[in-house]
Amino acid sequence: MDRFADLGGIRLCYRDEGPRDAPAVLLVTGLGMQLVEWPDALVARLARRFRVIRADNRDMGLSQRMGPEIPQLPEGFRWISRHAVAAPYHLADMADDLLALADHLGIGRFAVAGFSMGGMIAQHLALRAPGRVTALASLSSCAGDPVVAGTDENDWMISRFFLPHASREALLEAYCESAEFYSGGTAPKDAPATRAGAEALAARMEAGGGDCGGYLRQAFAITDSPGWTAELARLRVPALVVHGTDDPCLPAECGRLAAARIPGAELRLHEGLGHWISDGMGGDLCGWLETLAAPLPA
């Protein structure tokens, strides 16, 4: 069930599942993603043993839209270069939103797992609250100085979200094409399940007020955030890095570098996986957290 928290000027939508007295796990979504994009099977498995908190980041889903509007990208601009536009907020601000949500829920300590941009936010959480984050999982993400250039096809796909959609049908088509592309074809765009997922995402976005530039603002939060590579060396928490070898958005080298920069991090590469929360990735995350569950404080 969707719930809402007013956190000092930011209103976040979240879901809170699993036993209230169990160790807490915070799931952090990626660029343009909504909390419902964490696979149901993964959430259900975690919720048997953990208190699972997942939220729509600011500017997405049912959470608050932020300003100001960022001008549209110039024609022919392939990607967003670092510091090309001053972002209205940074990754650290998004991490602070989630810390405030934990406070709101009375959760002192928690494990955190983030996908893509969510992995970057999770790293900021661990750096900003070292006494509270008990374990860190970075999935299909990168660390320090984000690598945001991908393939030509990826640039085209992302542009589908940066630009306004002429109709609801155009938005649905973009969602379905994105699922097929990033999943490496395991979620075909014409499959009924893919279409149903797109319908659910579009409905939540509409209920939250539409995009209103949120996707672009989140993207600039990534590229305009100061680098944090050197800071990662001070982390002292169990860490897991999972990445696909065929990720078209953030190449597998991003995962390798993240694992090298986070002290003691365990690296798991999935052959042939794209930029997607697959069953295998979800299984890695659940199994890893379950092995840590005994020593994790509630």
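Each reported figure results from applying straightforward, stated rules to the coordinates on display, with no laboratory input. For clarity, every value in this text was computed on a predicted model and none was experimentally measured. With ideal geometry, Cβ positions are generated from the backbone for all residues, glycine too; neighbour counts draw on all protein chains shown.
So the values come out like this:
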{"item": "Of Gly185, Gly114, Gly32, the one that fluctuates the most in a GNM where the chain has Cα springs shorter than 10 Å", "result": "Gly185"}
{"item": "Quotient of C-alpha Rg and 2.2 N^0.38 Å, computed over the chain", "result": "0.92"}
{"item": "Theoretical FRET efficiency, 1/(1+(r/R0)^6), r = Cβ-Cβ of Arg11 and Arg168, R0 22 Å, to 0.05", "result": "0.35"}
{"item": "Per residue convex hull volume, Cα atoms of segment 165-210, in Å³", "result": "62 Å³"}
{"item": "Rounded to the nearest 20 debye, dipole of segment 174-249 from Cβ charges on Lys, Arg, Asp, Glu", "result": "340 debye"}
{"item": "Options Trp288, Val28, Leu172, ranked by Cα towards positive dipole end of the chain, top entry (Cβ charges)", "result": "Trp288"}
{"item": "Cα-based shape type of segment 228-298, given that a ≥ b ≥ c are square roots of the gyration tensor eigenvalues and the cut on a/c is 1.5", "result": "oblate"}
{"item": "Per DSSP, loop GluC sites (Glu not before Pro) in segment 232-298 with at most 12 further Cβ within 10 Å", "result": "Glu271"}
{"item": "Value of relative contact order over the chain, rounded to a whole percent, pairs C-alpha under 8 Å and six or more apart", "result": "22 percent"}
{"item": "Sequence-separation-based contact order of segment 165-210, relative, with Cα cut under 8 Å and 6+ spacing, percent", "result": "32 percent"}
{"item": "Choice from Gly272, Gly61, Gly144 with maximal GNM fluctuation in the chain (Cα, 10 Å cutoff)", "result": "Gly272"}
{"item": "Mean projection area, nm², convex hull over Cα of segment 159-298", "result": "10.7 nm²"}
{"item": "Expected-Rg normalisation [2.2 N^0.38 Å, Cα atoms] applied to segment 197-241", "result": "1.80"}
{"item": "Separation between Cα centres of segment 1-77 and segment 194-270, rounded to whole Å", "result": "13 Å"}
